Amino acid sequence: MAVVIRWIDRSGLRPWSGLFVGAAAWVLQHQIGSDLVYWDCRLGTPLLTGGLGLVAAGATVLGGLISWRARRARPGEGEPGNRAFAGMVGAATAGIFLLAILFQSLIGFMVPACHA
């Protein structure tokens, strides 16, 4: 994951990383959690949902920070222009995905396994 984050940080996708990484983290958290609970409902413990949520939240925060840092031009890149707007959109959407991940993680603490 760190290699992918470094590649995004150097590429033209830098401002959009909050959007792409946040969406991917949310989808993976939801899909992995749902599939494991469907396979065996006893796996739906707060440890699993909380752990998946922490991993997804960490990836989303990293993507959002990369987007936020992309708002300013690096030396030799010229004016930020559209990149600044894209960086703000990426950081904002990372915040929205982080909220969705938080809500999905909290439900694992509220609803007991095998009762949903």
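The values are calculated or read from the model by the stated rules, or taken from the named source; none is laboratory data. Every value quoted in this text rests on a predicted model; they were computed, and no experiment measured them. In this analysis, Cβ positions are derived from the backbone assuming ideal geometry, glycine residues included, and neighbour counts consider all displayed protein chains. Note: accessible area is taken over every heavy atom of the protein model, side chains too, but ligands, DNA and RNA are not part of it. Shrake-Rupley method; radii C 1.70, N 1.55, O 1.52, S 1.80 Å.
Extending 7 Å from the Cα toward the beta-carbon at both Arg42 and Cys114 defines two label points whose distance is 0.7 nm. The solvent-accessible area of Trp68, taken with every protein chain present and a 1.4 Å probe, is close to 120 Å².
Give me the distance in nm between label points sitting 7 Å out from Cα along the Cα-to-Cβ direction at Leu54 and Arg69, one decimal. Those two pseudo-labels are separated by 2.4 nm. Couplings for region 30-36, taken from phi via the Karplus curve 6.51 cos²θ - 1.76 cosθ + 1.60 with θ = phi - 60°, read 5, 5, 5, x, 5, 5, 5 Hz in order; Gly and Pro are left as x.
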